[in-house]
Each structure stands twice: as C-alpha cells, then as structure tokens.
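Q: This is the structure I want to talk about, given as structure tokens.
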Amino acid sequence: MSKTPETWDVAVIGGGNAALCAAMTAAEAGARVIILETAPKPYRGGNSRHTRNFRCMHHGPLGPLVDSYTEEEYLADLMKVTDGKTDVALARLAIRSSEECLPWMQDHGVRFQPSLSGTLSLARTNAFFLGGGKGLVNAYYRTADRLGVHVEYEAAVTHLEMDGDRIGHIDYTQDGQTRRIIPKSVVVASGGFQADTDWLARAWGPAAKNFLIRGTPYNRGIVLADLLDQGVEQVGDPKQCHAVAIDGRAPKYDGGIVTRLDCVPFSIVVNKNAERFYDEGEDVWPKRYAIWGRLVAAQPDQVGYVIIDAKSLELFMPSVFLPIKADTLEGLAGQMGLPPDRLRATVDDFNAACGDTSGFHPTELDGVSTTGITPPKTNWARPITEPPFYGYSLRTGVTFTYLGLKVDENAQCSVGNQPITNLWAAGETMAGSILGQGYLAGFGMTIGTVFGRIAGKEAAAHAN
Ligand SMILES: Cc1cc2nc3c(=O)[nH]c(=O)nc-3n(C[C@H](O)[C@H](O)[C@H](O)COP(=O)(O)OP(=O)(O)OC[C@H]3O[C@@H](n4cnc5c(N)ncnc54)[C@H](O)[C@@H]3O)c2cc1C
C-alpha cells in the first residue's frame, strides 16, 4: 500500500455516462467526489463514448424531439422487445424520469442534433447527441471538473471491502502500486463484464472466444465479480446480453457503431458451409438486427457470410469496411473462403424459390417472399443474379451483458435483502435489474442517466 488512504465523501467507480451523472449530481449536492476510471484519459468514457442517442419520454415537443412519447407507449415498446421480462416498477421510474433528464443533460453541457428525418421514426423517441457519445462524455468531464470532481485515470478498482452492512474501503491499482481510499459513499458504475471473454466463455462455452466486443476493452466485470463474491445481491442471466451481427473484420474491441452491418434484409446469409440458416427478411432491420448476433453465435465457428448482388448495394447504410467484390459467385466464394459449389447451389435454390418481385419495397414489409425453401425469406426476396456480387463476413458483436447488481428504486445494492448502507449502482452494471432480455435502442443511456442521478443524490445525502 503506497500512502495513507485518502478519505472522500463519494467515490464513483467508472468513467462513463452513469458514473459522470452520479458524480456531477453528488458534487452539486455539496459532496467531495472522486472518480476512479480504469482507462487512460484518451480512452475514458467506456461504452458511453460510442453511443449516439437517448430515448426519452415527453408530453409535448422537447429539445430536438417532436410530438409526444408517453409513458405507456414507451413501456409498451419496452415490454415488446423484452417479451415482458422487465421489472415494471423500475422501468416506469426510468421512463418517467427521462423527461426531466433531457433539459438536465443540456444544462450539463450536452448538445443535441436537430431532430432526425427518415424512415426510422426516431425524431419522436430518440434524441441524438451532437458529436456523439464522445461529445457527451467530454462535455460531462468539463462540467464535472468545474464542479470540483476529482478524476483519477488508469485507476483500476480491484476490491471493495465489505465491513458489516457497509463498504469500508476501496482498493485500486495505479502506476503499478496498490492504493486505498476510504469513502463515506460508493457508486459502482463500471459496466458489464463483456470484455472478459473468459467469463463470457464460462456462460456460452468456447464459442464466446470468437465473439467481438463492440465497445470498451475495460469493462471486464472486476468490481462486479468482487461484489458478487461477497454476497451482494445479483440479478440476470450470464448468457443474456445485447449482441448484434457486425463486420467480421472489426477489431476485437472498440469497433463501435461503424462496424454494424445493415444489409441482411437485402441478402442471403450463409454459414461457413454456404448453407442458409434463418429468414433474412423476417422483419424490418431495426426490429431484427439484435437477434442476428445470437444467430451467428449458433453457427459453426460463429461466423456468417452476407451475399448480395449489385442491385442491393445502395439500399443500406454502408459500414466502415468495403464489401468483398467479384464478378462471379464462385469468385466471391473463393475470396471469402466458402465452398464455391455449395454457394452456387444455395444461391440457385434461393433464386428458383423467388417469385414476383414487382412489389419490392426496401423500407416496408413488402411480402416479396420465397416459396418452397427452408428457411423461407418472407420479405425482400429478390434473386441474386446481377454482377458484381458482394459479400461481408459476419461475427457476433457483444454490446453489453445483463448479469449485474440488483438495485431498488433508490439504486441501492443489498445483501440478503438488507440494504448495504453506503453502496449504490448505476448504468450497465445494474441494467439487468430492469432488462431481463432484449433491448430498446437508446434505453441504455436512459438507465445510466436516471439511475446515475439517483445514485449520486443518495450517495451525497448519505455522506452529508
Ligand atoms: C457501439 C455501441 C453503441 C451504443 N449506442 C448506444 C446508444 O446510442 N444509446 C444507448 O442508450 N446505448 C447505447 N449503447 C449502450 C451504452 O453504451 C450503454 O448503455 C451506456 O453507455 C452504459 O453506460 P455506463 O456508464 O453504464 O457504462 P460505460 O460507459 O461502459 O462505463 C463504464 C466505465 O467503467 C470503467 N471501469 C470498468 N471497470 C473498472 C474498474 N475495475 N475500475 C475503474 N473503472 C472501471 C470503464 O473504463 C468505463 O469508463 C451502445 C454501446 C455500444 C458498444
């Protein structure tokens, strides 16, 4: 241990959205606050720096959001994607509080883009950050600094010592040394465990080693595991997570939003044996993109391959990687490492199953479907015939895991139903308290902002 432990009113573990919301709120309530962020300063901000938007309830036009988006509609959207596996009381709290969060975010430095137009109808439901999540995180760090919040970077928290019904001290490593602080209150906002592929593999089996992690490499669940080992109440299933199909050439960590592929509805998707395995046209992409991470995870070697032809290339948002291109299907198969004869046979079967395509409409469920093949393609089924042919490889990209700390409506953690008097949690690390499965775009930032502010307020009140 390097020096005498410092004492702080509120120690916040993590340096992303939830942590910053907690830290700013606690500082505004008069607390002396320290943030312990394991990342170096240029990589501060965890997954939050990859985000783009915040889902927000509102009774009338609010900031960049048009019309209204009621509590009941928001909740209904959430219940649909989670198949009812939602803690309704906590979800309602998050939804209801989101309305006052938007002006609060603006007051703390966040700027929003003008409302979106287009086919996704997000102008009413999701407010997009000007400068993305990186802009939001930088604005919050500036505000936190102005409020006197102290930040330690490359400060990797390793242990929170339970002392009866409270946390006694926090150990972290920095510059190769172990350091200790003694906080009156603690807020854990250190994300999920998805960057620890050994932990993922314990839940998913060895297949998880082939998963890519869309966000920060620093969310390894070290604090989560430490607290669960000491009996802190947990929630969620270790296999539940948000996972999408991303370009197989994406880096292992931190590829972010630009590696996502949106071309599946206009393609056929095959596995490494050049066999189709799921209906690529089941529904519009915003409602289906999140299931493809799991579908690819279930294939041999956890890879998939998207095949399209020239007439579909302009129909989707391009990803950061150019597609693989060839004048023939066999040439494409060769470049992608697929068996050429099998790919030719699969495409021929698919093309033969396509019918009348005159009703093709890329942004609606058009019912242009196959007949007589399994799996069917129930919308946007057009033969793949027009060279050049294009391909992308697909891998499972994990966004964040749901196993986490169970909290109550005050964001407080517990042991055996007894509250831990000075421990609160916010953001991804407690998102499983609300989300049992599934995900609603923009809800991660809602959970982090709402529960970060609650945790910061409670932590400061306890310290004072
Ligand atoms: C590519 C991508 C796009 C996304 N887009 C959106 C979006 O548009 N809208 C949305 O709502 N959600 C989005 N999400 C999900 C979103 O990132 C999260 O819900 C939200 O940002 C989580 O915030 P958080 O503060 O809980 O976690 P994070 O922002 O991940 O912060 C966790 C912090 O904890 C730190 N940490 C971890 N372990 C330790 C330790 N041992 N000691 C100290 N510090 C530690 C990390 O370095 C990090 O700073 C996206 C995620 C990804 C990956």
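The values are calculated or read from the model by the stated rules, or taken from the named source; none is laboratory data. Keep in mind the model is a prediction, meaning the values are calculated, not measured. Note that we place each Cβ from the backbone using ideal geometry, even for glycine, and neighbour counts take in every protein chain shown. We work out accessible area using only protein heavy atoms, side chains counted, and drop any ligands, DNA or RNA first. Shrake-Rupley method; radii C 1.70, N 1.55, O 1.52, S 1.80 Å.
Q: Between Ser185 and residues 5 or more places away or on another chain, which pairs have amide H atoms under 5 Å apart, with H built 1.01 Å from N, and which residues are they?
A: Here the answer is Val10, Ala11, since their amide H atoms fall under 5 Å of that of Ser185.
Q: Roughly how far apart, in whole Å, are the Cα centres of the range 427-464 and the range 149-218?
A: So the separation of the two Cα centres works out to 17 Å.
Q: OK, next. Pairing the Cα long axis of helix 71-82 with the longest principal axis of the chain, what angle in degrees results, from 0 to 90 and rounded to the nearest 10?
A: 60 degrees
Q: Sort Trp104, Trp424 by heavy-atom solvent-accessible area, probe 1.4 angstrom, most to least. If you can, show how the numbers build up before the last one.
A: On the way: Trp104 25, Trp424 5 Å².
Per-residue accessible area, sorted high to low, gives Trp104, Trp424.
Q: Can you list the equivalent-ellipsoid semi-axes of the range 243-397, largest first and in whole Å, using the square root of 5 times each Cα gyration tensor eigenvalue? Please report the intermediate quantities before stating the final value.
A: Numbers: eigenvalues 92, 64, 44 Å².
Taking √(5λ) for each Cα gyration eigenvalue gives 21, 18, 15 Å.
Q: Mind checking the dipole of the chain: about its Cα centre, +1 per Lys or Arg Cβ, -1 per Asp or Glu Cβ, Debye to the nearest 20? Provide the component values of the computation, followed by the final result.
A: Values: 43 positive and 52 negative charges, 167 e Å.
The dipole magnitude comes to about 800 debye.
Q: Leaving ligands, DNA and RNA out of it, rank Val186, Val284, Val258 by accessible area with a 1.4 Å probe, largest first. Don't skip to the end; give the middle numbers.
A: Values: Val186 0, Val284 40, Val258 75 Å².
Most to least solvent-accessible, the answer reads Val258, Val284, Val186.
Q: With a Förster radius of 25 Å, plug the Cβ-Cβ distance of Val88 and Asp408 into 1/(1 + (r/R0)^6) and report the FRET value to the nearest 0.05. Intermediate results must be reported in sequence, preceding the final value.
A: Numbers: r = 14 Å, r/R0 = 0.56.
Working from the Cβ atoms, E equals 0.95.
Q: While we're on this one: Using +1 at the Cβ of each Lys and Arg and -1 at the Cβ of each Asp and Glu in the range 243-397, identify which of Pro376, Ala310, Phe277 lies farthest towards the dipole's positive end.
A: Working it through, the farthest residue towards the positive pole turns out to be Phe277.
Q: Per the Cauchy relation, a quarter of the hull surface: what is the mean projected area of the convex hull of the alpha carbons in the range 345-457, in nm²?
A: On the way: hull surface 45.9 nm².
If I average the Cα hull's projected area over directions, I get 11.5 nm².
Q: Roughly speaking, to the nearest percent, how much of the range 243-397's 1.4 Å accessible area is carbon and sulfur? Numbers along the way, then the final one.
A: Numbers: 3410 of 6400 Å².
Result for the range 243-397: 53 percent of the exposed heavy-atom area is carbon or sulfur.
Q: Follow-up. For the range 243-397, report the accessible area per residue in Å² (1.4 Å probe, heavy atoms, rounded to an integer). Let's see the in-between values first.
A: Values: 6400 Å² over 155 residues.
Spelled out: the 1.4 Å probe surface of the range 243-397, per residue, equals 41 Å².
Q: Which pairs break 30 Å Cα to Cα here: Lys134/Lys287; Lys134/Lys325; Lys325/Lys377; Lys85/Lys311; Lys184/Lys239?
A: Working: Lys134/Lys287 26 Å; Lys134/Lys325 33 Å; Lys325/Lys377 23 Å; Lys85/Lys311 40 Å; Lys184/Lys239 34 Å.
Long pairs (Cα-Cα over 30 Å): Lys134/Lys325; Lys85/Lys311; Lys184/Lys239.
Q: Moving to a separate point now. How big is the Cα convex hull of the chain in projection, averaged over all directions, in nm²?
A: Values: hull surface 87.7 nm².
Its average projected convex-hull area is 21.9 nm².
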